[in-house]
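Below: the structure, in structure tokens.
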Amino acid sequence: MLADFIKYRKRLPKNMNVYLVAGTQTFTSDGLVPLNSVLTGRYIYQNQVKHFTTIMVSGDNAQHSDLPQNTQIVDLINRYILDHAQKVQHKQNTPYINDQTK
């Protein structure tokens, strides 16, 4: 599967922003997804998309199922994804991001 992702990575939109989020309870896993699986995403996205960022959180609420409620992750989503999307929408003066229709 990874080989297919790498093989077709040139098809990724060049204007895409990618955030890979890894939770680490044991510094090897979030209890479900091995850390190396998350970090391998760099072979797919690096130098293929506009922005590529890997974010690692540890400690409280770093287990896989806890990540959506993790305050660090929620803050990052609000700051870098939701706020950015609202700024793009306002800047373009359109009700849809990147002129996409429903």
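Quick notes on this structure:
- Filter result (among the hydrophobic types (A, V, I, L, M, F, W, C), on the phi < 0 side of the Ramachandran plot and exposed (fewer than 15 other Cβ atoms within 10 Å of the Cβ)) within the range 13-32: 16, 32
- Scanning the range 1-45 for residues that are assigned to a loop (DSSP other than H, G, I, E, B), under 24 Å from residue 63 (Cα atoms) and free of Cβ contacts under 8 Å to residues at least 24 places away in the same chain returns 26, 28, 41.
- Hits in the range 49-65 - residues which are within 14 Å of the chain's Cα centre (by Cα) and either exposed (fewer than 12 other Cβ atoms within 10 Å of the Cβ) or not hydroxyl-bearing (Ser, Thr, Tyr) (or both): 49, 50, 51, 52, 55, 56, 57
- Subset tally (residues that are under 11 Å from the mean Cα position of the chain (by Cα) and aromatic (Phe, Trp, Tyr)) for the range 1-48: 2
- Filter result for residue 78 (assigned to a loop (DSSP other than H, G, I, E, B) and either modelled with pLDDT of 85 or more or surrounded by 12 or more Cβ atoms within 10 Å (Cβ to Cβ) (or both)): no
The values are calculated or read from the model by the stated rules, or taken from the named source; none is laboratory data. The model shown is predicted, which means the values in this text are computed figures rather than measured ones. Here the Cβ is made from the backbone with ideal geometry for all residues, glycine too, and neighbour counts use every protein chain on show.
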